[in-house]
Amino acid sequence: MVFIKNELNYLLEDYRNCENSSIKELILQDINLLKEALAILQQNEQDSYL
């Protein structure tokens, strides 16, 4: 999970610094995929405590 959070931070920084709108769109897609993965991992972690 830490890896995904770190990657999100790197991608957010890249997104902020990017001037090419096409590349920004690709970065945003990556960010959204990682956010989904993080949500799934967090849900699985919560479910394992039940």
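The values are calculated or read from the model by the stated rules, or taken from the named source; none is laboratory data. These numbers were taken from a predicted model, which means no experiment stands behind them. Glycine gets a Cβ as well: all are built from the backbone with ideal geometry, and neighbour counts include every protein chain shown. Calculation scope for accessible area: heavy atoms of the full protein, side chains included, ligands and nucleic acids excluded. Shrake-Rupley method; radii C 1.70, N 1.55, O 1.52, S 1.80 Å.
In region 1-25, what residues are surrounded by 10 or more Cβ atoms within 10 Å (Cβ to Cβ) and either among the charged types (D, E, K, R) or more than 29 Å from Glu45 (Cβ to Cβ) (or both)?
Across region 1-25, the qualifying residues are Lys5, Glu7, Glu13, Asp14, Cys18, Ile23, Lys24, Glu25.
Restricting attention to region 4-38, which residues are part of a helix (DSSP H, G or I) and over 10 Å from the mean Cα position of the chain (by Cα)?
Result: Glu13, Asp14, Tyr15, Arg16, Asn17, Ser21, Ser22, Ile23, Lys24, Glu25, Leu26.
I need every pair where a residue in region 18-45 that is of a type in the set (D, E, K, R) has its Cβ under 7 Å from the Cβ of a residue that is assigned to a loop (DSSP other than H, G, I, E, B) and open to solvent by less than 70 Å² (accessible area, probe 1.4 Å), sequence separation at least 6 or different chains.
Within 7 Å, the pairs are Lys24/Cys18.
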